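Here the structure comes first, spelled out in C-alpha cells, and everything after it is commentary.
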Amino acid sequence: MSRCQPQTDKVHLRLTQEEIAQQLGTTRESVTRTLSKLRKNKIIVQRGHSIVIQDRGTLEHLAAARAEEAALMLA
C-alpha cells in the first residue's frame with residue numbers, strides 16, 4: 001500500500017509577528033505560540049522569513065476546525 005505524501009508549500013513572510021498579530025486582532029505572543037506549536041507538530045518548518053508548510057492537509061483541517069468553532073460561538 002502506498003502512502004500519499006503531504007503537499008508542501010513555501011511562504012515568504014513580509015510582516016513581523018507583531019504586524020501579523022495586529023492584522024489578526026491578537027497578540028504577538030499568541031502568534032509566536034501558535035507558530036511554535038505548528039513547528040513542534042512538524043506541520044511547518046520556519047527558516048528565517050520563510051515558512052515551509054510540510055503538511056498542508058493538517059493545517060487546512062486545523063483552520064477549518066477553528067472557523068467552525070468561531071461560527072458556533074456567533075450562533
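The residue of the stretch 49-75 that is nearest to L15 (Cα to Cα), among those that are free of Cβ contacts under 8 Å to residues at least 12 places away in the same chain and of a type in the set (G, A, S), is A63. Just a yes or no: is a residue in the stretch 63-74 modelled with pLDDT under 95 and basic (K, R)? Yes, the stretch 63-74 contains a residue that is modelled with pLDDT under 95 and basic (K, R). Residues that are surrounded by fewer than 13 Cβ atoms within 10 Å (Cβ to Cβ) and more than 10 Å from the chain's Cα centre (by Cα) were ranked within the stretch 29-49; the one that is nearest to E19 (Cα to Cα) is E29.
The values are calculated or read from the model by the stated rules, or taken from the named source; none is laboratory data. Bear in mind that the values here come from a model prediction, so they are computed numbers and not experimental data. Every residue, glycine as well, gets a Cβ built from its backbone with ideal geometry; the counts of neighbours run over all protein chains shown.
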